[in-house]
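Inspection log for the structure reproduced underneath, given as structure tokens.
None of the figures in this text is laboratory data; all of them are computed from the coordinates on show. Small disclaimer: the values here were computed from a predicted structure and weren't measured. Here Cβ is always computed from backbone atoms with ideal geometry, including for glycine, and neighbour counts include all displayed protein chains.
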Amino acid sequence: MIRVKANAKNRKTEIKISGSRSDIQSGILDAFYEIGRMNQRFLRKSILKRNKTGRLYKFRGRLHRASAPGEFPANRSGKLRKSVDYKVRSNQMEFGVSEDYGKYLEEGTKNMKPRKLVVETARQTQRNAVNSLAGNVDRIIKR
């Protein structure tokens, strides 16, 4: 059985597999790495996009355009973008950000509305993730 679970509280998306044969397991692991790289690239590119519509303010002598609620976060220092990562362990793949403030961006605070981050990345790449998983398993089965 394959189960996909997105959890905003711990900023992780988990994909778990149980009861699969070992030859199919290798195709699934290949798909996990492919999905992890795809999600990582998508979120990093979304953070770097310049089409943010939030407020404009000075930061270290330069003008910076913040993200508006519901957008992917704007890149200011690069720490959040660099913390986007994934891990594959035997039968699961975890994708998320390791920066502590990623939690506040994902969930929002009393003074800030939430931004798109890990859960939205999983939603927007879901079709490609399913295709990758199916394609890799299909490739193994056809051998």
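Numerical summary
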{"read-out": "Size of electric dipole in segment 21-143: Cβ of Lys, Arg +1 and of Asp, Glu -1, about Cα centre, debye, nearest 20", "value": "840"}
{"read-out": "Separation of the Asn131 and Tyr33 label points, Cα + 7 Å toward Cβ, nm", "value": "2.1"}
{"read-out": "Dipole axis of the chain (+1 Lys, Arg; -1 Asp, Glu on Cβ), positive-most option in Ile15, Asn136, Ala74", "value": "Ala74"}
{"read-out": "The chain - convex hull of the alpha-carbon atoms, volume per residue in Å³", "value": "105"}
{"read-out": "Segment Arg65-Gln40, length gained on full extension (0.36 nm per residue, minus Cα span)", "value": "6.7 nm"}
{"read-out": "Karplus 3J(HN,Hα) series, Hz, for segment 90-97 with 6.51 cos²θ - 1.76 cosθ + 1.60 (x for Gly, Pro)", "value": "4, 10, 8, 10, 10, 9, x, 10"}
